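Q: This is the structure I want to talk about, given as structure tokens.
Each value in this text was obtained by applying a stated rule to the coordinates, not by laboratory testing. Small disclaimer: the values here were computed from a predicted structure and weren't measured. Note that we place each Cβ from the backbone using ideal geometry, even for glycine, and neighbour counts take in every protein chain shown.
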Amino acid sequence: MAVKYVIKLTRQGAEEQSCNRRSGERSSPPGIRFYEALVHFRALEALSLTCSSVTDNVAHYVAEVINRSAPTLRRVVIERNFTSARGSDCILRSLSSCERLTSLTYGDDMNPAGIRMVAQEMTGSLRKLALLCLEEQAQVDTLASALSTSMTPLEEVSLSLSAKILDTTALFSGVATNGNLRRLCVQRTVTRRQWFQVGAMEYSTPLVASVASVISRSRCLREVTLRHVCVDCQGSVALAAALTANKSLVRLELKDCSFASVCPTQLYKAVHGDPTLRAAVLPGLYERFDTRITVPAFLCHVAGPGRLSLSLSAGDLVHAPLGCDLHLQLGHMDFSASEASGILAVIAGSHSLLHLGVELGHDRRKAELLLDAVRTNQSIKSFALLLTSWPRSDGVLADCVDSLVASTTLEEVALTMTALEVSSAESLARLVSNSRIKKLSVSVYSAVDDAVLEALARGMGESKFVVEFQFACGCWPPLSRSTHRLFDAVERNMGLLNRAAGFALGTATDVASATAFDALCDGPALFPHVERLSSQREHGAAQLLARAKCRIAGDFFVLAGVVRERIVCHPGPATQFDSLNSDCLAAIARWLKLDDVRRGRIGSGDVHLAISPRQNGVNHRVVALLFIAAEVFIVKKIYQSNANDVETNAHVVQDVQFIVS
């Protein structure tokens, strides 16, 4: 049997390298002996060399590795190294022998001849091409000519273009000739000085028009991503027209793009009118185009029909769909009274607002209005709060917790603040212990005391749902018992989640796994965890959870430790416990949790399970007081429901009495 290997060699990015140079430490790139040993591999399936110092001296070793693994090699990633155009030619020439290569990402220097090798000498198996090093116009012209004549059925193309490249019409015309193109990603490699130049938009206008032509001409294109691109009115009109003409685009992302202040309205209207677009990541408005002052105020994911209008600045109207998954990011609260009231009304009344990120300013009145809107909304799943402008955040954080603790949909909370006091930590602990959030992220600029961690640990110890906890601060206190308790609680919750997932998948049937599932089945973390472990889609994972709930309802008394033969029923006119069929027992068990069963000591006497009779079909209380004996178990729970839920075979269980033998 053939053995396939995957080699992935990476180092930390440029930031860590520069940090090491400042601190006097020398980095340790892989030596030439490593590449000499790498040559002996003959069945590589994937090769990734990122920031791994592939210089010209070792380029021929890399080429030899590729040649020896040519029959099996499928994916190659080589970027951010020190390879010159001559070394790149040696590596790219060896790729022509890879007949099964499906994905190529190359980000080092290359000349037009190397680009011609990439585009022309590849076999028909190549599906993904990413060139992240296009610096000269000659390279673009060569690639355009090669793509226009190549028969390679590319499905994904990613290009990184330098700011010096002005003419991209021929390049994207060649890209558009590929009838199988499904994903296009284009980004500008712009320096900081170029980004802040007033005339920076001059070199982006032709690029936007070229990308728009690809969108309008392609019939299979499903995803388009643009990064670091400046769009003027002409480019915005071209994009809007392309979206109107295209009938296949599913996702559109405009990341880190700058728009003229009058442009987004046209684009948002086109997004709203596109019948096939399912997801869009759109930029915010820019107050002044020349200074790039950003107001990150809008991020929308399109998933349904409708339109939502937010007046974020004077004269500008932002359109987004209603009935969709809406993400709203407010970079500040410096809006006028009318603008703020419109935004707060959207937050309070939207049923599709899933993510809300807010940076609160010093205006306490606006902060209170915002938190009132958050309290009214019952759809937010992720909430991010930035309190860096507040020297003491205990008061506003306590108000925020009061707004969030009643939410039944909240799953993730992220907080960034200047300092974290004990009172603020106690507020966070109250939020964690009284809600069902699964992820908590806290970032503090200053140092924290051990008392703060102790307060957080108490809240984490009372929660069973938090399975991901991130904490960053300016300076950690010495490791103490509270630090261990804090992270041990997260590990305990993750263990419970794995036990619950095992019970849902059927790989674990013990009482501990059933109890964990019974406690977490209504939480936000179990469903995606089961979906990921089972490798099934949403419908299949939901069926697994439904079957597991039925197993617990049917076997509840067995899992709780009830020995039916040891139960002696109380004589009298009441319905006897041993006369109940399995349907009645399952209906009774639906009102109970395995966590409600507690080991205890009780004396002899009558113990009963009383279920109130139906009262004209209206909601009423179902009171279950059940003392079950194998040893001794105590169950006590009060629920509100309809009597029909406990009715089986036209028979309402009115009173069940039994005593412990």
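Q: I'd like the distance between the alpha-carbon centres of the range 137-167 and the range 420-467, rounded to an integer number of Å.
A: That distance is 51 Å.
Q: If you don't mind, there's one more thing I want to ask. At 0.36 nm per residue, and after removing the present C-alpha to C-alpha distance, how many nm does the segment from LYS247 to ASP141 gain when stretched out fully?
A: 35.2 nm
Q: Which of SER150, SER69, SER482 has the fewest other C-beta atoms within 10 Å, and how do the rest follow up to the most?
A: SER482, SER150, SER69
Q: On to the next question. Please give the length that would be gained between GLN378 and GLN536 if that part of the chain were fully extended, namely 0.36 nm times their separation in residues minus their C-alpha to C-alpha distance (nm, one decimal).
A: 54.0 nm
Q: Give, as ranges by residue number, the residues of the range 55-81 whose backbone N falls under 15 Å from the point 7 Å along Cα→Cβ of HIS40.
A: 65
Q: Oh, and also: Provide the FRET efficiency to the nearest 0.05 for the ALA113-GLU223 pair, computing r from the beta carbons and using R0 = 30 Å.
A: 0.45
Q: What is the distance in Å between the Cα centres of the range 534-552 and the range 36-57?
A: 44 Å
Q: Could you list the residues of the range 494-529 with an amide nitrogen less than 17 Å from a label point located 7 Å from the Cα of GLN543 in the Cα-to-C-beta direction?
A: Hits in the range 494-529 for GLN543 at 17 Å: 504-507.
Q: Report Rg/Rh for the range 495-554, rounded to two decimals, where Rg is the Cα radius of gyration and Rh the Kirkwood radius.
A: On the way: Rg = 9.9 Å, Rh = 10.9 Å.
On the Cα set of the range 495-554, Rg over Rh gives 0.91.
Q: If I model a spin label at THR507 and GLN470 as a point 7 Å from the Cα along the Cα→Cβ vector, what separation in nanometres do I get?
A: Rounded to a tenth, the inter-label distance reads 2.7 nm.
Q: Test of the criteria: in the range 68-108, which trypsin sites (Lys or Arg not before Pro) are in a DSSP loop and have at most 15 other Cβ atoms within 10 angstrom of their Cβ?
A: Passing both the DSSP loop test and the Cβ count: ARG100.
Q: If neighbour count is taken as other Cβ atoms inside 10 Å, put THR177, THR142, THR483 in order from fewest to most.
A: Placing the least packed residue first, the sequence is THR177, THR483, THR142.
Q: Further question: Subtracting the Cα-Cα distance from 0.36 nm times the residue separation, let me have the gained length for HIS484 to SER443 in nm, one decimal.
A: My answer for the length gained is 12.9 nm.
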